[in-house]
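The structure appears below as structure tokens.
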Amino acid sequence: MARVVSAVDDRPVGVFDSGFGGLTVARALIDLLPGEQLVYVGDTARYPYGPRPAAEVRRYAEEIAEHLVAVEGVKMLVVACNTAASAALEVLRDGCGVPVVGVVEPGLRAALDATRQGRVGVIGTVGTIASGSYQRAARELAPEVELSCAACPGFVEFVERGDTDSDQVHVLAERLLSPLREVGVDTLLLGCTHYPFLARTIADVMGRDVLLVSSAEETAFDVRQILESTGLRADPARHPEHRFLSSGDTAWFAEMGGRLLGPELARAHAVTFGRAGTGSSSRAGPTG
Ligand code: DGL
């Protein structure tokens with residue numbers, strides 16, 4: 001009987017975010033695709049991306065993508081940051097030579113599947129909401145749906161500090177989410193990958209009738225589909241060790257990141273990119 005030999009590609013998948021937020025996507029990827037090795041970059045030296053001009057975020061995304069492709073040798077890129085995906089997805093798709101997946105469209109698809117009354121809310125950073133990326137995607141995918149968007153400045157900073165359920169977060173959430181409560185959305189898309197870490201607070205404020213949707217799982221399904229259709233799947237039987245890189249404090253990244261992601265993140269390595277507002281260059285640094 002003929003033996004079927006299928007090719008495997010054990011190169012890693014690159015994932016990046018401004019900080020801890022993309023770990024929500026990394027979690028979904030590890031759970032769905034345990035044979036795939038991840039190299040994760042948290043650009044914590046330059047977070048938050050949300051208040052920065054789109055051109056600056058685009059430059060950061062290009063630097064990180066270049067590092068992941070040229071230095072880490074990734075076979076695919078996951079832009080696990082809505083702000084960076086809103087600013088740079090097309091540029092990365094055109095320029096980095098490997099398949100690129102973002103979080104905006106997968107997240108929106110999941111919210112559109114979930115809504116019962118066609119009233120969907122999206123919350124994200126100032127950069128994401130101002131870019132109009134969700135509004136454009138919704139016009140294309142489901143023009144009949146009533147989409148209400150709200151920026152939530154400050155949420156990312158709470159998560160990066162490790163504060164996900166204090167009274168202060170609650171007070172801020174009450175203020176920022178009240179317009180969405182008033183329009184009566186039935187589904188709320190967490191359009192920033194940091195926000196699932198605030199899900200308990202957000203759910204508390206929005207009420208039990210509102211369904212919260214994260215982009216993480218749907219993005220992981222998209223990644224699987226692309227790896228399969230392009231013949232890039234790794235050996236599913238292996239259990240690779242993932243690599244986590246941070247441009248900021250690596251000890252804090254390992255400590256807080258381990259709490260948020262789980263035991264796969266036990267240590268973080270240093271990586272250096274161009275400083276905020278300056279030109280680019282990247283190189284891997286020593287372990288931290
Ligand atoms: N996780 C990023 C996002 O999804 C946060 C951006 C930031 O650093 O402000 O938009």
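The values are calculated or read from the model by the stated rules, or taken from the named source; none is laboratory data. On a predicted model such as this, the values are computed, not experimentally measured, just so you know. So basically every Cβ, Gly included, is an ideal-geometry build from the backbone, and we count neighbours across all protein chains shown.
A residue that is modelled with pLDDT under 95, under 24 Å from GLU228 (Cα atoms) and away from the ligand (no atom under 16 Å from the Cβ) occurs nowhere in segment 108-116. Taken together, VAL159, VAL185 contain a single residue that is in contact with a Phe, Trp or Tyr (Cβ under 7 Å, 6 or more places away or on another chain), on the phi < 0 side of the Ramachandran plot and either surrounded by 13 or more Cβ atoms within 10 Å (Cβ to Cβ) or assigned to a strand (DSSP E or B) (or both), which is VAL159. The selection criterion, being closer than 25 Å to VAL223 by Cβ and touching a Lys or Arg at 6+ places or on another chain (Cβ under 6 Å), holds for VAL100. Which members of segment 20-37 meet the condition of being within 16 Å of the ligand (Cβ to nearest atom), of a type outside the set (Lys, Arg) and either surrounded by fewer than 24 Cβ atoms within 10 Å (Cβ to Cβ) or on the phi > 0 side of the Ramachandran plot (or both)? Answer for segment 20-37, where residues must be within 16 Å of the ligand (Cβ to nearest atom), of a type outside the set (Lys, Arg) and either surrounded by fewer than 24 Cβ atoms within 10 Å (Cβ to Cβ) or on the phi > 0 side of the Ramachandran plot (or both): just ALA28. Looking across segment 78-100 at every residue that is within 15 Å of the ligand (Cβ to nearest atom) and either of a type in the set (Phe, Trp, Tyr) or in a strand (DSSP E or B) (or both), the one that is farthest from ARG58 (Cα to Cα) is identified as VAL78.
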